[in-house]
1. Every residue in region 89-120 that is within 28 Å of residue 138 (Cα to Cα) and under 14 Å from the mean Cα position of the chain (by Cα), please.
2. Condition test on residue 45, is it under 25 Å from the mean Cα position of the chain (by Cα) and either within 29 Å of residue 150 (Cα to Cα) or at pLDDT below 75 (or both)?
3. Within region 101-131, can you find the residues that are in a helix (DSSP H, G or I) and among the small types (Gly, Ala, Ser)?
4. Does residue 52 fit the bill of being of a type in the set (Lys, Arg), modelled with pLDDT of 90 or more and exposed (fewer than 10 other Cβ atoms within 10 Å of the Cβ)?
5. Looking at 98, 67, 59, which is the one that is in a helix (DSSP H, G or I), at pLDDT 80 or above and loosely packed, with under 10 Cβ neighbours inside 10 Å?
6. Search region 122-158 for residues being under 25 Å from the mean Cα position of the chain (by Cα) and not aliphatic (A, V, I, L, M), and hand back the single one that is surrounded by the fewest Cβ atoms within 10 Å (Cβ to Cβ).
7. Find all pairs meeting these conditions: Cβ atoms under 8 angstrom apart; at least six residues apart or on different chains; first residue within region 130-148 and touching a residue at least 60 places away in the same chain (Cβ under 8 Å); second residue surrounded by 14 or more Cβ atoms within 10 Å (Cβ to Cβ).
8. Which residue pairs have Cβ atoms closer than 8 Å, lie 6 or more positions apart in sequence or on different chains, and pair a first residue in region 109-128 that is in contact (Cβ under 8 Å) with a residue 24 or more places away in the chain with a second residue that is outside any helix (DSSP H, G or I)?
Amino acid sequence: MSLRSRLQAFRRAGVVPQAPALDPASPALDHASPALDPNTLTPKATAQPSDRAMIPPRLVLAVFLVLLAIAPQFLPPFYVTLLNYIGLYALVALGLVLLTGVGGLTSFGQAAFVGLGAYTTAVLTTATELPGWLAWAGGSPWLALVVGLVFTAVVALVLGSLTLKLSGHYLP
C-alpha cells in the first residue's frame, strides 16, 4: 500500500482532517499576486517557465569525471594526494551509508574491513621480499589493491557465513 493510498484511507476515516477549501473572496488570501491560483495557492498555468533550461545531471557527472581524470596532469602532488584522500574517505562513507541507511543494519566492523584491505595493499606494495606465490602482486599498487580487495572479501565471506548461523540478540 503506497503512502498516498494510506493517507487517503486515513482522510476517509476522519483521522487526518481535510484542508478547508479556500474562498476566493476570503480576506485571508493575498490578491496582490496574480500568478497564484486563489483556490490552491499554486502557480497558475499561465505563469511563464524560466528561460534557463536545466543542465542534465549526466552531463554534469561526465564533466566532473573528465576534470577529475585530467586533474593530476595540472595539479601539484599535494593536491593530487589530497584528492586521493577525499575519494577514499568518500568511498568509506558511502559504504557506511549504504549499510546503515539503505540496508538498515548497524555495523561496528566496517572500519576493520577497510583497514584490512588497506593494510594488505600497503604490505604488498611496499614489501621487498614476498613469497613466490605472492611475488606477482608485489610492487604494483593496482595488483596489490585487487589482492587486498579479494582477501578482504574472503574474510568477510567467512565471517558472514559464521554470523548468519547466529540467532537471537548477538547482532545489533
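The values are calculated or read from the model by the stated rules, or taken from the named source; none is laboratory data. Since the model is a prediction, treat every value here as computed from it, not as a measurement. Methodologically, a virtual Cβ is constructed for each residue, glycine included, from the backbone with ideal geometry; neighbour enumeration extends over all protein chains shown.
1. Hits for region 89-120 are 89, 90, 91, 92, 95.
2. The answer is no for residue 45.
3. Within region 101-131, 101, 111, 112, 115, 117, 118, 122 meet the criteria.
4. Criteria not met by residue 52.
5. Being in a helix (DSSP H, G or I), at pLDDT 80 or above and loosely packed, with under 10 Cβ neighbours inside 10 Å holds for just one of 98, 67, 59, which is 59.
6. Applying the first criterion (under 25 Å from the mean Cα position of the chain (by Cα)) to region 122-158 yields 142, 145-146, 148-157.
With the extra rule that they be not aliphatic (A, V, I, L, M), the set shrinks to 142, 148, 151-152.
Working: 142: 10, 148: 22, 151: 16, 152: 20.
Checked region 122-158; the qualifying residue surrounded by the fewest Cβ atoms within 10 Å (Cβ to Cβ) is 142.
7. none
8. Correct list of pairs: 124/130; 124/138.
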